[in-house]
Structure formats: structure tokens, C-alpha cells
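The values are calculated or read from the model by the stated rules, or taken from the named source; none is laboratory data. These numbers were taken from a predicted model, which means no experiment stands behind them. Every residue, glycine as well, gets a Cβ built from its backbone with ideal geometry; the counts of neighbours run over all protein chains shown. Areas reflect the complete protein model, heavy atoms only, side chains present, ligands, DNA and RNA absent. Shrake-Rupley method; radii C 1.70, N 1.55, O 1.52, S 1.80 Å.
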Amino acid sequence: MVRFVLSLAVLAGLVYGGLYFYYDASLTRAVDDRLDGLGLTAVEVKGIDFAPTAPLVTDTHVTAEVVYRSAEASLDIRVIGHPVFSEEYRLELDSLQAFRLSIGAGE
């Protein structure tokens, strides 16, 4: 019985890990597509930060790190719907959390 419960817990962990990874990839693509749709094709999505429970709910807040040349910004985005399980989801920009500009960085 203990072996069954342990196997079930490991299986649930693997399923959640895969969902977490795929949620991150699909959300990164969705934010990138949204920025492209706004005409900001030169802005790159560096990463997405979200709560561990975000892949399990349909209304959550995420933080997107975006980069344009030597400027970086953190955007608070509200995700309504689920980018993995549904075709219908909406991204709403809540606020600009941080803006960093590097002057004289030799790239």
C-alpha cells in the first residue's frame, strides 16, 4: 500500500513538473506574440515568473522580464484563462514594475 501511494505521489509530481514547464513555454510564447501584435517586435521576452500554483488556476498574475537593446523592464501581467488547456485566454498588462537602463554597456 505504501509503495502504491509513493508511486502515485511520484507520478503526480512528474505530471505537475511537465505541466509547469509547458505552462512556462506557452506563456512565454503568448507574451511574445502579444508584444508582436502591439508592434513591439524588437522587444524580447527574457523570462516569465509566476506562482507555483499558476498552472492550476485560470486567473493569475505573472511577471514578464522583457529586454530591448540595453533596457530591461519587468511587466506585471494578468492572465485570464489558461494558455495550455484552452484556446480562449487574455493577457492584460497591469503595470510596469521595474525599468533598468544600462548606459555605456559595450554590447
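Tabulated results
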quantity	calculated
Neighbours by Cβ (under 9 Å, 6+ apart or cross-chain): first from the stretch 4-18, surrounded by 10 or more Cβ atoms within 10 Å (Cβ to Cβ); second assigned to a helix (DSSP H, G or I)	TYR16/PRO55; TYR16/LEU56
Tally of residues being open to solvent by less than 50 Å² (accessible area, probe 1.4 Å) and either in contact with an Asp or Glu (Cβ under 7 Å, 6 or more places away or on another chain) or polar (S, T, N, Q) (or both) across the stretch 43-63	6
Any hit, the stretch 34-42, residues being of a type outside the set (Gly, Ala, Ser), surrounded by 15 or more Cβ atoms within 10 Å (Cβ to Cβ) and either modelled with pLDDT of 90 or more or in a loop (DSSP other than H, G, I, E, B) (or both)	no
Which numbered condition ILE77 fails, given (1) open to solvent by 20 Å² or more (accessible area, probe 1.4 Å); (2) in contact (Cβ under 8 Å) with a residue 40 or more places away in the chain	(1)
Positions within the stretch 80-103 being more than 18 Å from LEU35 (Cα to Cα), of a type in the set (A, V, I, L, M, F, W, C) and surrounded by fewer than 12 Cβ atoms within 10 Å (Cβ to Cβ), in sequence order	LEU101, ILE103
The stretch 76-95, subset of a type in the set (A, V, I, L, M, F, W, C) and either over 12 Å from the mean Cα position of the chain (by Cα) or farther than 19 Å from PRO55 by Cα (or both), residue modelled with the highest pLDDT	ILE80
Selection from the stretch 13-50 of residues that are out of contact with any strand residue (DSSP E or B) (no Cβ under 8 Å at 6 or more places or on another chain) and of a type in the set (Val, Ile, Thr)	VAL15, THR41
